[in-house]
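Working notes, beginning with the structure itself.
The values are calculated or read from the model by the stated rules, or taken from the named source; none is laboratory data. All values derive from a computational prediction rather than experimental measurement. Cβ atoms come from the backbone with ideal geometry, glycine included; neighbour counts cover every protein chain shown. Accessible surface areas use protein heavy atoms only, side chains included; no ligands, DNA or RNA. Shrake-Rupley method; radii C 1.70, N 1.55, O 1.52, S 1.80 Å.
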Amino acid sequence: MSEARSVGPILTVENLEIAFPGRRRGQVIQAVDNVSFTVRQGETFGIIGESGSGKTTVGRALVCLIRPTAGRIRHFGEDPFALPAKALRRHRRGYQIIFQDPNAALDPRMTILQSVREPLDVAGAGTRRERQRKALEALDHVALGPEMAARYPHEISGGQKQRANIARALVLEPRLVVCDEVVAALDVSIQAEMLNLFADLQRDFHLTYVFITHDLRVVAHISDRVAVMYFGKIVELGPATGLMNAPLHPYTKALLSAEPEPVPAHMRNRGRIVLQGEVPSPLDPPTGCRFHTRCPLAQPLCAQRDPEWRELAPGRLVACHFAKTPN
Amino acid sequence: MRQTGAAGKTSRMSVAAAEPSDSKHATTGALLDVRDLCVSFRDDAGWVPMLNNVAFQVNRGETVGIVGESGCGKSLTALSIMGLLPRRGCLRTGGIVFDGCDIAGLGERGMRQVRGRQIGMVFQEPMSALDPVFTVGDQIAETVRTHFQVSPREAKERAVEALASVRIPAPAACATLYPMNLSGGMRQRVMIAMALVCEPKLLIADEPTTALDVTIQAQIMELLLELGRRTGTALLFITHNLALIAESCERTLTMYAGEVVEDGSVEAMLNRPLHPYTAGLLASLPGRRAPKSRLSSIPGRVPSPRDMPAGCRFGPRCTFATAICQEPQRLRAVDNRRVRCARAVELVLAGAGG
Ligand SMILES: Nc1ncnc2c1ncn2[C@@H]1O[C@H](COP(=O)(O)OP(=O)(O)OP(=O)(O)O)[C@@H](O)[C@H]1O
Ligand SMILES: Nc1ncnc2c1ncn2[C@@H]1O[C@H](COP(=O)(O)OP(=O)(O)O)[C@@H](O)[C@H]1O
Ligand code: SF4
Ligand code: SF4
Ligand SMILES: [Mg+2]
Ligand SMILES: [Mg+2]
């Protein structure tokens, strides 16, 4: 689809819905509920939200690992799910996802080099020599030398495993990489190293990232734009700086205020909003605004009507009946 | 005592020897006094030291944080205090004085009187500490009955009260539930209720919110601190999240490679960390202030306990290392703080937010 480049943004998501069957017959878990957004080529699009809010499910749909229940995903204006099976398989190579747990992605019986070469072997691209060279190159991009390439997963550290994992995704020369909690399991010092690496790779290979995390600090650091998910819906979307400095949705406000700050007391932002109550059950979603059971600003209307998407300032969208235009 | 000339000139800080064995423990009156704690594990090649002369104190009602990368010995320190180290292939030396009594010398029977009653503990993964086959109410009641002469009925009442005190809605109903029927946040609250039901003098919380979402983490932290204040329970709070410590503790201990490398008030540490490792941890946090900027990271990794550097253990990763760092470093007092770095006074390391 490289010819299609001019047709539209790299990624367009329109009214995406994904439902899973529940444990009992007839039960439905609406994991993703009417989600729409676009991602421009070369940008980093952050998705934040609590556990179970649907981030991973969206991420998997973006790279064609889950078929939408309703709605559409387009890559450069085209619907990949409309492609015939073989073409879809080819197409997928350009759209990769990296998961949190590097152990799950690396086969313990394969050397790091074999693991990184495997996607190329499966794709059957070029000669064995070429594939070997490409895999070594990919490892070099993530700063793993040939001596690391010969090791097995249990012989390297968590951070190095995550690097190998990234190399495995890069070897197919993707355009879009979905990163799902890729730094969550790492210590801050290694996390910083990885975030720098992601920035370098983006620059060198013109990558587009969808960066999923529940760590606000990470998302604020790396993203150009951010979407905030709550219970299967995007409740706020906007440029990272604006959203972090002046959040519009009560949930975003609560999230930001709950994040502890590593600064001396006199520099600390006062006025923490501690949300009461638990995240609701996905089998029994609240009516109206999904957030009304925990929202400190909820009004009777909120339990009845689902709030509409409103663009309160250029590029700043929010789904709350009472959110006000930022000044 | 070793002291470099440069240090005296460039700083107003006063320096004195503070090797833990020099100080007078008996008169400190600290609630917990860990003295020269060493822990080793046996492997094929012999004994491997994991903790090296860990020494610190926790005062009554104080909240103390322990921070450090994974594998630096935070959890082992907690397990040592609780007497929960593996029985085989593990060697512990040093003193642990709790409320005036040396609990390091107590056997398992003695420790059972202390654990839960005098010292409570909350773990990262509450499922591993809760018994799946008993209701949470029964488990809390059982803890009460282990330590107090009360009727089953009264124990049950206290369990429900404890659940109410951690703000669980409908505590009586919750008491009848099994752990698997609770969310992560609720389980952690049950753990806190169980840890606090006997009103221990010290609560050790090892990564109590690491598995939780940030809004739930905020609830749990608020609860822990409020209960601590109300009952006068001291808190030893272990985390790798410096930001959490900044907001919740009065004092921090930084641990590196099985040693305490810095100890002092949180404010002082945030304004001017003394140890390059603490400064490195602070600097590697991504912030909201400079998005997309290059993050500073600490090069290298925590050394393997089987392959400790001979001099300063942080030396191979430290950008400030010089010839004096080839010597093993001692924990020295600097004003009201302690640090294990020969250059701590002369270096003026950047703190947080500045
Ligand atoms: N294969 C599946 N079958 C049934 N339910 C699923 C499946 N995958 C996800 N879900 C449900 O869909 C909802 C969204 O899950 P998802 O994994 O996308 O959340 P998340 O935002 O990535 O959470 P986390 O931060 O914990 O990774 C949850 O209620 C989850 O239990
Ligand atoms: N049961 C055990 N047997 C052998 N080594 C152990 C055991 N428990 C912990 N260790 C080792 O002790 C060191 C410190 O571990 P730990 O206290 O769990 O670190 P932290 O909590 O700071 O991440 C690590 O090198 C770890 O591998
Ligand atoms: S619509 Fe109502 S409940 Fe929802 S976020 Fe806005 S104020 Fe809160
Ligand atoms: S003693 Fe030397 S190597 Fe160790 S932390 Fe201090 S300056 Fe760095
Ligand atoms: Mg997920
Ligand atoms: Mg630990």
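Collect the residues in the stretch B:51-88 that are small (Gly, Ala, Ser), more than 9 Å from ligand 2 (Cβ to nearest atom) and within 14 Å of chain A (Cβ to nearest Cβ), keeping them in residue-number order.
Within the stretch B:51-88, just B:Gly65 meets the criteria.
Checking B:Leu281 against (1) within 14 Å of chain A (Cβ to nearest Cβ); (2) closer than 17 Å to B:Gly68 by Cα; (3) away from ligand 6 (no atom under 16 Å from the Cβ), which single condition isn't satisfied?
With (1) within 14 Å of chain A (Cβ to nearest Cβ); (2) closer than 17 Å to B:Gly68 by Cα; (3) away from ligand 6 (no atom under 16 Å from the Cβ) applied to B:Leu281, the lone miss is (3).
All but one of (1) open to solvent by 10 Å² or more (accessible area, probe 1.4 Å); (2) touching a residue at least 60 places away in the same chain (Cβ under 8 Å) hold for B:Leu177, so report the exception by its number.
(2)
Residue-by-condition table, conditions (1) within 16 Å of ligand 4 (Cβ to nearest atom); (2) in a strand (DSSP E or B); (3) touching a residue at least 60 places away in the same chain (Cβ under 8 Å); (4) in contact with a Leu (Cβ under 6 Å, 6 or more places away or on another chain):
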{"residue": "A:Arg24", "(1), (2), (3), (4)": "no, no, no, no"}
{"residue": "A:Ile29", "(1), (2), (3), (4)": "no, yes, yes, no"}
{"residue": "A:Ile48", "(1), (2), (3), (4)": "no, yes, yes, no"}
{"residue": "A:Ile66", "(1), (2), (3), (4)": "no, no, no, no"}
{"residue": "A:Ala87", "(1), (2), (3), (4)": "no, no, no, no"}
{"residue": "A:Arg90", "(1), (2), (3), (4)": "no, no, no, no"}
{"residue": "A:Gln100", "(1), (2), (3), (4)": "no, no, yes, no"}
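If I ask for residues that are of a type in the set (A, V, I, L, M) and open to solvent by 40 Å² or more (accessible area, probe 1.4 Å), which ones from the stretch B:206-253 would you list?
Initially, the stretch B:206-253 is screened for residues of a type in the set (A, V, I, L, M), giving B:211-212, B:214, B:216, B:218, B:220-221, B:223-225, B:227, B:234-236, B:238, B:242-246, B:253.
Scanning the stretch B:206-253 gives a single hit, B:Ala211.
Say whether the condition of being touching a helix residue (DSSP H, G or I) at 6+ places or on another chain (Cβ under 8 Å), within 9 Å of chain B (Cβ to nearest Cβ), under 24 Å from A:Gln30 (Cβ atoms) and within 16 Å of ligand 5 (Cβ to nearest atom) is met by at least one residue in the stretch A:270-277.
no
Check the stretch A:20-31 and report whether any residue there is among the aliphatic types (A, V, I, L, M), at pLDDT 95 or above and more than 16 Å from ligand 3 (Cβ to nearest atom). Explain how you work it out, then say what you get.
Initially, the stretch A:20-31 is screened for residues among the aliphatic types (A, V, I, L, M), giving A:28-29, A:31.
Filter once more, keeping what is at pLDDT 95 or above: none.
Checking the stretch A:20-31: not a single residue is among the aliphatic types (A, V, I, L, M), at pLDDT 95 or above and more than 16 Å from ligand 3 (Cβ to nearest atom).
Kindly check whether there is at least one residue in the stretch A:281-290 that is within 16 Å of ligand 5 (Cβ to nearest atom), within 27 Å of A:Val28 (Cα to Cα) and within 12 Å of another protein chain (Cβ to nearest Cβ).
Yes, the stretch A:281-290 has at least one match.
Return yes when A:Gly238 is farther than 28 Å from B:Pro169 by Cβ and away from chain B (no Cβ under 13 Å) and no when it is not.
Answer is yes for this residue.
Please find, among B:Thr252, B:Thr210, the residue that is over 24 Å from B:Arg60 (Cα atoms) and within 16 Å of ligand 2 (Cβ to nearest atom).
Working: B:Thr252 fails: over 24 Å from B:Arg60 (Cα atoms).
None of the other options fit; the residue is B:Thr210.
Could you pull out every one of the helices (runs of 4 or more DSSP H) wholly within the stretch A:234-327 that has 1 or more residues that are of a type outside the set (D, E, K, R) and closer than 22 Å to A:Gly46 by Cα?
On the way: elements: A:240-245, A:250-258, A:300-304.
Qualifying helices (runs of 4 or more DSSP H): A:240-245, A:250-258.
Kindly indicate whether any position in the stretch B:307-317 is among the aromatic types (Phe, Trp, Tyr), touching a Pro at 6+ places or on another chain (Cβ under 6 Å) and more than 16 Å from ligand 3 (Cβ to nearest atom). Steps first, answer last, please.
Let us first name the residues in the stretch B:307-317 that are among the aromatic types (Phe, Trp, Tyr), namely B:314.
If we keep only those that are touching a Pro at 6+ places or on another chain (Cβ under 6 Å) too, we end up with none.
Looking through the stretch B:307-317, none of the residues is among the aromatic types (Phe, Trp, Tyr), touching a Pro at 6+ places or on another chain (Cβ under 6 Å) and more than 16 Å from ligand 3 (Cβ to nearest atom).
Listed here are the residues, each with its yes/no results for (1) away from ligand 6 (no atom under 16 Å from the Cβ); (2) open to solvent by 40 Å² or more (accessible area, probe 1.4 Å); (3) of a type outside the set (D, E, K, R); (4) under 24 Å from A:Phe37 (Cα atoms).
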{"site": "A:Gly288", "(1), (2), (3), (4)": "yes, no, yes, yes"}
{"site": "A:His292", "(1), (2), (3), (4)": "yes, yes, yes, yes"}
{"site": "A:Cys295", "(1), (2), (3), (4)": "yes, no, yes, no"}
{"site": "A:Asp306", "(1), (2), (3), (4)": "yes, yes, no, yes"}
{"site": "A:Pro314", "(1), (2), (3), (4)": "yes, yes, yes, yes"}
{"site": "A:Val318", "(1), (2), (3), (4)": "yes, no, yes, yes"}
{"site": "A:Lys324", "(1), (2), (3), (4)": "yes, yes, no, yes"}
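Sort out which residues of the stretch B:283-339 are within 30 Å of A:Asp224 (Cα to Cα) and in contact with a Gly (Cβ under 6 Å, 6 or more places away or on another chain), and write them in order of number.
The one that is within 30 Å of A:Asp224 (Cα to Cα) and in contact with a Gly (Cβ under 6 Å, 6 or more places away or on another chain): B:Ile298.
So that you can scan it fast, the table gives a plain yes or no per residue for (1) in a loop (DSSP other than H, G, I, E, B); (2) under 14 Å from the mean Cα position of the chain (by Cα):
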{"residue": "A:His154", "(1), (2)": "no, no"}
{"residue": "A:Arg163", "(1), (2)": "no, no"}
{"residue": "A:Glu173", "(1), (2)": "yes, no"}
{"residue": "A:Leu186", "(1), (2)": "yes, no"}
{"residue": "A:Leu197", "(1), (2)": "no, no"}
{"residue": "A:Ala220", "(1), (2)": "no, yes"}
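Taking the options B:Thr209, B:Thr239, B:Thr215, name whichever one is within 11 Å of chain A (Cβ to nearest Cβ), over 17 Å from the mean Cα position of the chain (by Cα) and of a type in the set (Val, Ile, Thr). Working first, answer last.
On the way: B:Thr209 fails: over 17 Å from the mean Cα position of the chain (by Cα); B:Thr239 fails: over 17 Å from the mean Cα position of the chain (by Cα).
Just one listed residue meets the conditions, B:Thr215.
Consider B:Ala310 carefully, then state whether it is among the small types (Gly, Ala, Ser), away from ligand 2 (no atom under 16 Å from the Cβ) and either in contact with a helix residue (DSSP H, G or I) (Cβ under 6 Å, 6 or more places away or on another chain) or away from every other protein chain (no Cβ under 13 Å) (or both).
On the way: among the small types (Gly, Ala, Ser): yes; away from ligand 2 (no atom under 16 Å from the Cβ): yes; either in contact with a helix residue (DSSP H, G or I) (Cβ under 6 Å, 6 or more places away or on another chain) or away from every other protein chain (no Cβ under 13 Å) (or both): yes.
In short, yes.
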